[in-house]
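Working notes for the structure below.
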Ligand code: SAM
C-alpha cells in the first residue's frame, strides 16, 4: 500500500483521473513526505483512535491515518474526488468517505452513528476559506472531540495562538475558552500543489476535559463581553464597553474593581483577566 505523499504519486493520480483543482474549494494538496510525517507525529493518531478528517483531497493524509486509527470518517465536498478516494483508499475498510459539506453535517449524529460515540480527533488540512467556521463548529457544537489538529494559514495560526498583543482577537479568546492552542510548526507553501499564495502552519487545540472556563461562565455571556471589548481594535476598553449601554462612570468603577486600567486594550487581556472582569460586570 504505497503512500500518496510524493509529488510524483499525486501527479499520477490527478492525471489518471483528469482531476481539475478548484481554487474556490481551497484545494491545495500536500506533496511533501517529510511534512506529512511531521503532521502524523504531531497528530499522534494511534490504535483505537476515532478520527474525523475534513477535506481528504485524494486521501494522502487519510490513508496514513487509516494505518493506525480504529476508524477514520473523511468528509469531502467535491464529488469529483469521490471515485478517486474509492480507488486510493480501497485497501482500508476502516476509512469511510462522506460526500458532504462539513458545515452542513450534523457531526454529533455522525459521531454516534459512525464513530462509536467518540471521543474523536479532528485532523485536517483545512480548506482555508472556511477555517474559522469549521474550527468554531467543532468547538461549539458539543461534539465529543478531544483534539483539533489542523493545518491553517500561518497568519491564522499565529492569531489563534497569540498569548499577548495585536494578533489577539475574538477568535483567540474563543479558542482559549474551549481549550489550549499550540503553534506546532510552519509549513512552506511549496509543500502543496498547486502552490498557494501564503505559508501554512500546523497547530493543535487540546480541549479542556473539565470544561475549565465553561463551568465558570456561560458561553453567551463570555462572548457578549469579549466581542464588545474587541469591537473596535483602535479603541480602549472603556470606549468599547460604552456600546453595552453602561455609563463611563460606571465602567470606570468596574474596570478599577477588576484591577484593569481604563486605557487598556482588549488585546492585552488574558482570558483570566476577562473572566475576572466579566464577573465584576455580572455582579452589578
Ligand atoms: N487533505 C488533502 C491534502 O492535505 O492533500 C486536501 C486538503 S485541501 C487544502 C482542502 C480539501 O477540503 C479539498 O479536498 C476540498 O475539496 C475540501 N473541501 C472544501 N470545502 C469543503 C467543505 N465545505 N466540506 C468538506 N470538504 C471541503
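Taken together, the values in this text are just the output of simple stated rules run on the coordinates, not laboratory data. Note that the coordinates shown come from a computational prediction; the quantities given were computed from them, not determined experimentally. For neighbour counting, all protein chains shown are included, and Cβ atoms are generated from backbone atoms with ideal geometry for every residue, glycine included.
From Cα pairs below 8 angstrom and at least 6 apart in sequence, can you work out the relative contact order of the chain, rounded to a whole percent? Could the numbers behind the result be given before it?
Numbers: 459 pairs, mean separation 40.8, N = 284.
Over the chain, the number comes to 14 percent.
Is it possible to state the helix-based mean residue ellipticity at 222 nm for the chain, with each DSSP H run of 4+ residues giving -39500 (n - 2.57), the sum divided by total residues, to the nearest 500 deg cm²/dmol? What is it?
-11000 deg cm²/dmol
Antiparallel as a % of all DSSP beta bridges within the stretch 3-110, to the nearest 5?
The antiparallel fraction comes to roughly 0 percent.
With the cut-off at 1.5 for a/c, could you classify the stretch 3-116 from its C-alpha gyration tensor as rounded, prolate or oblate?
Since a/c reaches 1.5 but b/c is at least a/b, the shape of the stretch 3-116 is classed as oblate.
How much of the DSSP beta bridge set in the chain is antiparallel, as a percent to the nearest 5?
50 percent
With just the Cα atoms defining each centre, how far is the stretch 138-189 from the stretch 47-78? Give it in Å.
First find each Cα centre; the distance between them is then 21 Å.
Could you check the spin-label model distance between residue 15 and residue 33? Points 7 Å from the Cα along Cα→Cβ, value in nm.
1.9 nm
Determine the relative contact order of the stretch 152-195: mean sequence separation of Cα pairs under 8 Å and six or more apart, normalised by residue count, in whole percent.
After rounding, I find 32 percent.
Relative to the longest principal axis of the C-alpha atoms of the chain, give the angle of the C-alpha long axis of helix 7-16, reported between 0 and 90° and rounded to the nearest 10°.
So the helix axis and the longest Cα principal axis differ by about 70 degrees.
As an exercise, find the ratio Rg/Rh for the stretch 127-284 from alpha-carbon atoms, using the Kirkwood inverse-distance average for Rh.
1.02
How far apart, in nm, are two points set 7 Å out from the Cα along the Cα-to-Cβ line at residue 104 and at residue 263?
5.3 nm
Sort 203, 136 so the one with the fewest other Cβ atoms within 10 Å of its own Cβ comes first.
So the ranking, lowest neighbour count to highest, is 136, 203.
When the gyration tensor of the chain is built from Cα positions, what are the square roots of 5 times its three eigenvalues, in whole Å, from largest to smallest?
40, 20, 15
What is the stretch 147-284's relative contact order, in percent, from Cα pairs under 8 angstrom and six or more apart in sequence?
Numbers: 185 pairs, mean separation 34.0, N = 138.
About 25 percent, as a whole number.
In 5 Å bins starting at zero, report the fraction of Cα pairs in the stretch 74-124 per bin as a rounded %.
Taking all Cα pairs of the stretch 74-124, the binned fractions are 5, 17, 27, 26, 20, 6, 0 percent.
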